[in-house]
Amino acid sequence: MAGLALSCQRGLLAGCAALALLATSARAQSGFEVQGWAAHKTAPTVAGVDANEKPVALTSLQGQALLINFWASWCEPCREEMPSLSQLAQSHTGKLRVVAVNFKESAATAQRFKEATGLDLPVLRDPDGALARAWGIRVFPSTVLVDAKGRVHSVVRGALDWNGDAAARLITPLLPGAPAGAAPKPAPLRQP
């Protein structure tokens with residue numbers, strides 16, 4: 001009887017370990033959440049500063065859907081997400097613009113990262129973190145979703161495969177010519 005009990009305990013432990021592994025894997029694949037942008041909330045007027053330290057106005061980026069991705073070179077999920085953001089921008093040329101905003105790192109650090117990784121997105125900077133605060137960014141990476149008319153719809157907090165189905169559901173309604181009222185709905189909270 002003791003052998004059977006020990007065998008059941010081992011089986012239970014193995015089952016628990018398998019469930020824990022599955023849960024960890026699922027969290028890694030869905031480590032993001034979407035937070036809607038309140039209709040009454042005013043959006044910042046600046047997306048970032050360019051290489052000449054000049055502010056880039058959000059209005060200057062209108063006409064296409066816009067993703068403003070806040071990242072840092074020390075952030076591993078940011079680094080992992082960058083290739084899918086680049087691919088997304090390339091696959092939606094003329095309809096979607098992706099801007100990578102570096103958080104509180106020097107221009108030289110951001111440039112070295114861009115060169116070392118072959119990043120082909122425009123890189124703006126947030127040298128003192130004021131823009132991230134204004135956008136409500138506290139998690140890295142975070143991506144602000146703006147439609148072609150310049151309306152902010154939501155913020156994706158955490159890493160996302162920007163070429164997957166979840167991203168497509170968020171991006172398609174933002175593109176020029178999307179039906180009115182097709183704004184992306186915030187997805188249920190997903191734990192990292």
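Quick note: the coordinates plus some simple rules give every number you see, no bench work behind them. No experiment lies behind these values; they were computed from the predicted model shown. Cβ placement follows ideal geometry from the backbone for every residue including glycine, while neighbour counts extend to all protein chains displayed.
Below are the figures for this structure:
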quantity: Gain in span if fully extended, Leu175 to Thr117, counting 0.36 nm per residue against the direct Cα distance; calculated: 18.1 nm
quantity: Scaled radius of gyration (Cα, divided by 2.2 N^0.38 Å) that the stretch 49-129 gives; calculated: 1.05
quantity: FRET efficiency, Ala134 to His40 (Cβ-Cβ, R0 25 Å, nearest 0.05); calculated: 0.95
quantity: Gain in span if fully extended, Cys75 to Lys149, counting 0.36 nm per residue against the direct Cα distance; calculated: 23.5 nm
quantity: Linear extension gain, Glu53 paired with Ala108, 0.36 nm per residue minus alpha-carbon span; calculated: 18.5 nm
quantity: Set of lysines near Lys41 by C-alpha distance (under 21 Å), chain-local residues within fewer than 8 positions excluded; calculated: Lys149, Lys185
quantity: Solution diffusion estimate, µm²/s, Stokes-Einstein, the stretch 90-181, Kirkwood Rh from C-alpha pairs, 37 °C, viscosity 0.692 mPa s; calculated: 225
